[in-house]
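Accompanying notes for the structure given below.
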Amino acid sequence: MKKWKNHRMMLLLALMILLIIQNQNLLSNSTLHEEGNSIKLQISVFDIDATPTVGSHMAYNPVKNTWDMGLRARGIVLTGSGKPIVLCSVDWIGIGNDSQDEFKRVLGDAAGTTPDRVAVHTIHQHDAPICDFGAEKYLLSKGLNPMSFESSFTRKIMYQLADAIKSAMKVQQPVTHIGMGEADVYKVASNRRIAGPDGKIKATRYTTTKDSALRAEPEGLIDPKVSVISFWNGEKSLAVLSYYACHPQSYYLTGLPNPDYPGIARFYRQLAVPDALHVHFNGAGGDLGAGKYNDGSKENRGILAERLADGMKRAWEATRKEPVTAGSVTWSVEPVSLPPAILSENFDEDLKAKGTDAIFLTNSIPKIMWLERCKQGRKIDVTCLSIGHSRILHLPGELMVEFQLAAKAERRDLFVVMAAYGDYGPEYICTDAAYVEGGYEASGASGVAPGSEKVVKDAIKKLLRK
């Protein structure tokens with residue numbers, strides 16, 4: 001009998017232990033659930049100097065000196081909604097093909113995320129570097145000097161950006177609200193494509209236009225809006241992202257790396273709102289420039305900067321805020337295959353004749369690398385960051401403004417902005433009509449063929465309808 005009682009006591013003790021363990025597991029699961037629901041959206045900001053040194057090569061000529069303002073590479077990292085999301089903007093002319101892959105991989109590793117959650121864009125200033133690691137390799141294989149594609153400096157900046165991201169993520173700040181605002185920019189952008197009576201392009205109104213008759217032509221189709229999206233912790237602004245579509249040149253080929261008028265406008269806004277890092281992105285401005293309002297006079301750089309900064313200021317003042325959480329954020333990806341343009345049959349002869357011409361190499365070799373990637377079946381990611389009522393689209397190449405206007409029209413109920421000049425490999429991406437009309441953008445400058453318009457617009461539509 002005593003033996004039976006001892007056995008019952010042992011069973012009861014074992015049962016009590018099991019109940020205690022089960023209750024602890026339930027409490028633990030509950031705690032985890034509560035913590036999961038309270039994961040906060042957080043932001044980190046990074047900013048480094050991306051100015052090439054004297055003697056190194058920019059896209060079109062060597063650096064002979066420095067200007068009052070240098071080039072920046074800056075951006076944000078968002079955490080709390082899946083793997084981190086990295087947005088980066090660089091004051092360079094372009095980062096394309098293999099370089100895009102490598103930048104996304106290195107910056108993604110630094111942030112603890114995957115390359116498809118990294119967006120790397122340039123503002124496309126022309127007194128600035130170009131980056132294409134495949135182009136460097138190709139030119140060296142031909143026994144040619146890679147000139148603007150020599151990669152020691154651009155690789156150095158890539159790893160400095162990675163270090164900056166690692167440091168920034170140690171100082172994350174909570175995001176409670178985002179702000180959205182837009183305003184017209186007056187007398188900056190104008191359409192470059194001047195059509196004749198037959199509908200064909202009779203002239204290109206480049207960024208510097210000395211011909212008064214071309215400057216007198218109508219402004220043409222543009223997106224006049226500058227849009228700003230801001231991140232807030234309560235009443236404190238943390239970062240401001242601005243988006244405006246236009247070629248960003250006033251004058252160039254100076255040998256002095258400089259951020260031109262968008263960089264100066266960004267600097268003005270940084271002074272006005274110093275607590276928030278200001279990051280600027282160029283929109284779909286492939287067929288836009290300041291040519292109607294710029295005869296190349298050096299004074300116009302400051303005038304254009306003031307006009308853009310004025311638009312940014314009014315967009316900031318028109319900002320409306322809305323609360324956000326980590327659950328307000330999604331990241332969507334649409335890989336696309338763009339039909340490549342046909343390479344000139346005389347390219348090998350052109351390369352032999354012009355292999356020491358920096359302008360020829362800069363304008364030609366990235367498209368060669370792009371065509372090679374097309375043959376390999378490589379795709380480009382078109383991505384969309386959704387935060388509350390805002391949608392930020394990330395696109396490759398030099399898109400015509402029609403793509404940006406179509407994106408905004410697709411979801412008039414949302415605050416849609418576009419960053420172009422992501423993967424620079426395809427260079428100009430035109431509407432199908434433009435290839436019939438002719439003109440600079442749709443001729444030898446485009447690395448894609450008719451049919452690209454539908455591919456890009458379909459991807460945009462899918463992303464905005466998700």
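The values are calculated or read from the model by the stated rules, or taken from the named source; none is laboratory data. Computed from a predicted structure; not experimentally measured. Methodologically, a virtual Cβ is constructed for each residue, glycine included, from the backbone with ideal geometry; neighbour enumeration extends over all protein chains shown.
Summary table below
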| read-out | value |
| --- | --- |
| The stretch 337-351, subset surrounded by fewer than 16 Cβ atoms within 10 Å (Cβ to Cβ) and aliphatic (A, V, I, L, M), residue farthest from Val456 (Cα to Cα) | Leu343 |
| Count - residues of the stretch 194-216 that are basic (Lys, Arg) and in a loop (DSSP other than H, G, I, E, B) | 3 |
| Yes/no for Ser152 being out of contact with any Phe, Trp or Tyr (no Cβ under 9 Å at 6 or more places or on another chain) and farther than 26 Å from Cys246 by Cα | yes |
| Hey, Asp184 touching a residue at least 60 places away in the same chain (Cβ under 8 Å) and under 30 Å from Ala433 (Cβ atoms) or not | yes |
| Matching entry among Ala272, Ala315 (being within 23 Å of the chain's Cα centre (by Cα) and either modelled with pLDDT of 95 or more or crowded, with 16+ Cβ neighbours inside 10 Å (or both)) | Ala315 |
| Helices (runs of 4 or more DSSP H) wholly inside the stretch 370-466 that include at least 2 residues being touching an Asp or Glu at 6+ places or on another chain (Cβ under 7 Å) and crowded, with 24+ Cβ neighbours inside 10 Å | 401-410 |
| Positions within the stretch 256-268 being crowded, with 23+ Cβ neighbours inside 10 Å and over 18 Å from the mean Cα position of the chain (by Cα), in sequence order | Pro257, Asn258 |
| Any hit, the stretch 113-129, residues being assigned to a helix (DSSP H, G or I), within 30 Å of Leu238 (Cα to Cα) and without any contact (Cβ under 8 Å) to a residue 24 or more places away in the chain | yes |
| Among the residues listed as Leu221, Leu139, the single one being in a loop (DSSP other than H, G, I, E, B), hydrophobic (A, V, I, L, M, F, W, C) and over 22 Å from the mean Cα position of the chain (by Cα) | Leu221 |
| Of the criteria (1) closer than 20 Å to Cys131 by Cα; (2) crowded, with 18+ Cβ neighbours inside 10 Å; (3) in contact (Cβ under 8 Å) with a residue 24 or more places away in the chain; (4) within 24 Å of the chain's Cα centre (by Cα), which one Val324 fails | (1) |
| Residue under evaluation Glu102, criteria (1) of a type in the set (D, E, K, R); (2) surrounded by fewer than 22 Cβ atoms within 10 Å (Cβ to Cβ); (3) touching an Asp or Glu at 6+ places or on another chain (Cβ under 9 Å), criterion not met | (3) |
| Selection count, the stretch 275-294, where residues are surrounded by fewer than 24 Cβ atoms within 10 Å (Cβ to Cβ) and either free of Cβ contacts under 8 Å to residues at least 60 places away in the same chain or within 25 Å of Pro62 (Cα to Cα) (or both) | 2 |
| Enumeration of residues in the stretch 42-60 that are buried (at least 21 other Cβ atoms within 10 Å of the Cβ), out of contact with any Leu (no Cβ under 6 Å at 6 or more places or on another chain) and aliphatic (A, V, I, L, M) | Met58, Ala59 |
| Any hit, the stretch 57-73, residues being under 15 Å from the mean Cα position of the chain (by Cα), part of a strand (DSSP E or B) and either farther than 23 Å from Glu427 by Cα or not β-branched (Val, Ile, Thr) (or both) | yes |
| Residue within the stretch 433-450 that is modelled with pLDDT of 95 or more, of a type outside the set (A, V, I, L, M, F, W, C) and within 30 Å of Leu78 (Cα to Cα) present | no |
| Residues within the stretch 112-154 that are touching a Pro at 6+ places or on another chain (Cβ under 6 Å) and at pLDDT below 95, tallied | 0 |
| Checklist (1) over 16 Å from Ser99 (Cα atoms); (2) out of contact with any Phe, Trp or Tyr (no Cβ under 6 Å at 6 or more places or on another chain); (3) in contact (Cβ under 8 Å) with a residue 24 or more places away in the chain applied to Pro396, failing item | (1) |
| Condition check for Ala14: part of a strand (DSSP E or B) and either within 30 Å of Asp357 (Cα to Cα) or modelled with pLDDT under 95 (or both) | no |
| Qualifying residue in the stretch 31-54 (condition: part of a helix (DSSP H, G or I), among the small types (Gly, Ala, Ser) and at pLDDT below 95) | yes |
| Set Leu161, Leu140, Leu87, Leu144: member being of a type in the set (A, V, I, L, M), surrounded by fewer than 21 Cβ atoms within 10 Å (Cβ to Cβ) and either without any contact (Cβ under 8 Å) to a residue 12 or more places away in the chain or within 24 Å of Thr51 (Cβ to Cβ) (or both) | Leu140 |
| Residue count for the stretch 191-223, restricted to those that are surrounded by fewer than 16 Cβ atoms within 10 Å (Cβ to Cβ) and under 29 Å from Leu414 (Cα atoms) | 2 |
| Of the criteria (1) free of Cβ contacts under 8 Å to residues at least 12 places away in the same chain; (2) within 20 Å of Cys430 (Cα to Cα); (3) not β-branched (Val, Ile, Thr), which one Glu219 fails | (1) |
